[in-house]
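Visitor: Let me give you the structure first, and then I'll get to my questions.
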Amino acid sequence: MSWLFLCNNSLFRYRYTHNVEQGEGVAVLFHQFLANAGDCVTACDVNSVCQSTCGDVMDHPKTKKILITNSSATITMQSTAPADGNYHTGIYAKSISFDLATRTYFDCNSTVDLKDGEPFFLVSQNYPNTPYQFSRCEVTFAAVDAIRVAIYDLVTVNSVLFKGVDISGKPVEVRLSGRHVTDDEPVALYFLKSLQVSFAPSNRTTSYSRGFYILVDSFKRGSASSEACMNNGAVTVHSGQTVLFGTANFGSGTYPPNMQCSYSFSSDLKDHLLAISMEFETEKCCDVMFIDGIAPPPYNLYNYQGFMQRTFQFASTQVITMNFTSDGTVQGVGFNGSVYNIDCACGSGVYQLTPNDTLLQITSPGFLHGAPTYCPELNCFWTIKFPVDYEVMLNISDINLRTGSQQDQFVIADNFARVLLSTNSTTYYGPTRFIITSGQVSINFTSASTMVLSPPLTREGFLVDLRMVKKYIRRTVITFTDDSFMADISTRSFVEGLNVTYEYSITARPGKKVTTHFFTTLNGIANLEIYDGSDTSAAMIDTSFLYNLTTMDGVPMSVRSTGEKLLVRVRPNLFNTKEKLDFQAMVTDWSQGTHCTHGINSTQPYGREENKWKE
């Protein structure tokens, strides 16, 4: 029996029984096994003792490509877990019977006429265990044109000799032995028309199992062709551009034999990085893509063969070259990918909003040009300044940072470096709209140095919109006298309106200073500006410490002027819908040691007060 299929979903369930005579067993041998991790083949004997193998079996040198039963076998192919969504070549298997006494899978000292498309399994006696027959064995293979030997497992003491004429027409003898022949990748050898393989297992005792698993195929040679290569050749990738490449029938069939694809993708733009994302699966042993330019120096070169987990990888150079070749037999799914040229320039700097220039967008580099993600090792910093009689409405239109990159950080801070937002979340659930009143806002974005990422499922980065608007001010003037030196500046839950800045201009008695005592927290409730003088041309006092408080129990926090005048502005956070908006504070020019003539629990403000509205 045999199976061969192309899949990107779960397998259909297939079961059959291979019956053998008394004294015989069943071996299930695999010529191709590249499937989902949960796609399994199981062989159970008559006593329901089972062996299984799953996933991309051909990709792993230490995984044996054989299942054994010592009786008739029930063989099942099925999915035991959901598909991973990748296209896979599938499974090609053959079950054969063997004598339990000799445990051999082919006849020694024989000649085999190979037929194209029908592999010969040259598997050592007693495999996957060490041989216990030590006689010399020789097998001669004959083919109409060419022969390929794919060595997936070879651990021997004595050499295995491959003797024939290579593809160039030169007589060759290849001897292989030792423990590490196939530690990294399978070994492929090519011959013309005839091949002799000879070996004699050693009777030496070793602490490790020995043997070999070799696939022998015949094929017809052909001229190398790039016809099935999508966008083959040299391409200059422009900023924000995406270039597709791959095998033409990816996802609908296997690639053709004797295929040769050559790609060169380049960029000569400063502050840009090339990046590549690719799905890839080819015959493990023999169809290989060499990629230069994405591996970190000094190596630079990668070889892709078999199943490669899909990644998104930034290039280490300004040129990526890829060369893929397939031989004349046994194909796979192929490959399908994209090359991007991503702008890494932050545009960091200081931006000034004015009454004639009220709008600004800040984005992660490349975001507006459709980049799927942002570059590594970014450290972007933007400072946005605006007149103090205006305020900025900041809206986070989009934010999606990279999965698993906890070093990626997005921070918004005000004039005093008070952090309004700090996140490294892939999915941000916090507030997305802020009112900035302090005359300045800064945005900082940093990204980790990671060059290899999981492919983005959605566009990664951020987009921030800023709009400057004129403040709508309700002005209250307070002048202290010897009889009136305290005033309540509480806003009564902002009864005058939420889209209003409440301004208090306070003048102390000659020689005295103005102190403001706070009785409610500020964070999420209101923005507070305090100027150390009569108007906004005076120095602004840092009030960032007031936003860190979650309660006002105990002695109230205070701010004091350096002279006789103080300007206080309170702006409710109209975007906060979760908490009660209220602001309670008192101002005075009285200090400890001064005679107190009035109580401070009155609901009416002390001092001479004048109310005005202005825009």
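What follows is calculated from the coordinates using simple rules that are stated; it is not laboratory data. All figures in this text were calculated on a predicted structure; none of them were measured in a lab. For neighbour counting, all protein chains shown are included, and Cβ atoms are generated from backbone atoms with ideal geometry for every residue, glycine included.
Visitor: I'm checking a number: the convex hull volume of the Cα atoms of the chain, normalised per residue, in Å³. What is it?
Guide: Cα-based convex hull of the chain, divided per residue, equals 223 Å³.
Visitor: A further question on this structure: Taking the alpha-carbon distance from LYS64 and a cut-off under 27 Å, which lysines remain once sequence neighbours fewer than 8 residues away in the same chain are dropped?
Guide: Cross-link targets: LYS94, LYS115, LYS163, LYS284.
Visitor: Tell me, Kirkwood radius of segment 499-541 from alpha-carbon pair distances, in Å? Could you put the intermediate results ahead of the total?
Guide: Working: mean 1/r = 0.0810 Å⁻¹.
The Cα-based Kirkwood calculation yields 12.3 Å.
Visitor: Could you tell me how far the Cα centroid of segment 175-209 sits from the Cα centroid of segment 283-314, in Å?
Guide: For segment 283-314 versus segment 175-209, the Cα centre distance is 26 Å.
Visitor: Please name which of SER493, LEU11, SER223 has its Cα lying farthest along the dipole of the chain towards the positive end, using unit charges on Cβ (Lys, Arg +1; Asp, Glu -1) and the Cα centre as origin.
Guide: Checked the options; the winner is SER493.
Visitor: Please report the equivalent ellipsoid semi-axes of segment 473-588, computed as sqrt(5 x eigenvalue) of the Cα gyration tensor, largest first, in whole Å.
Guide: Working through the eigenvalues yields semi-axes of 23, 15, 13 Å.
Visitor: Hey, fewest Cβ within 10 Å first, where do HIS238, HIS272, HIS18, HIS180 land in order?
Guide: Fewest-to-most ranking of HIS238, HIS272, HIS18, HIS180: HIS180, HIS238, HIS18, HIS272.
Visitor: With a 10 Å Cβ neighbour count serving as the proxy for reagent exposure, in which order, fewest first, do CYS54, CYS285 appear?
Guide: Values: CYS54 18, CYS285 22.
Neighbour counts put them in this order, fewest first: CYS54, CYS285.
Visitor: Now, a different point. Order of ILE96, ILE214 from fewest to most other C-beta atoms within 10 Å?
Guide: Ranking ILE96, ILE214 by Cβ neighbours within 10 Å, fewest first, gives ILE96, ILE214.
Visitor: Also, quick follow-up: Sorted by average packing, counted as other Cβ atoms within 10 angstrom per residue and highest first, what order do 314-322, 436-444, 505-513 take?
Guide: Values: 314-322: 19.1, 436-444: 20.8, 505-513: 17.3.
In descending order of packing, they fall as 436-444, 314-322, 505-513.
Visitor: Give me, ordered by chain and number, the residues 5 or more places off MET486 or on other chains with an amide H under 5 Å from its own placed amide H.
Guide: Under 5 Å from the amide H of MET486 lie the amide H atoms of TYR606, GLY607, each far enough along the sequence or on another chain.
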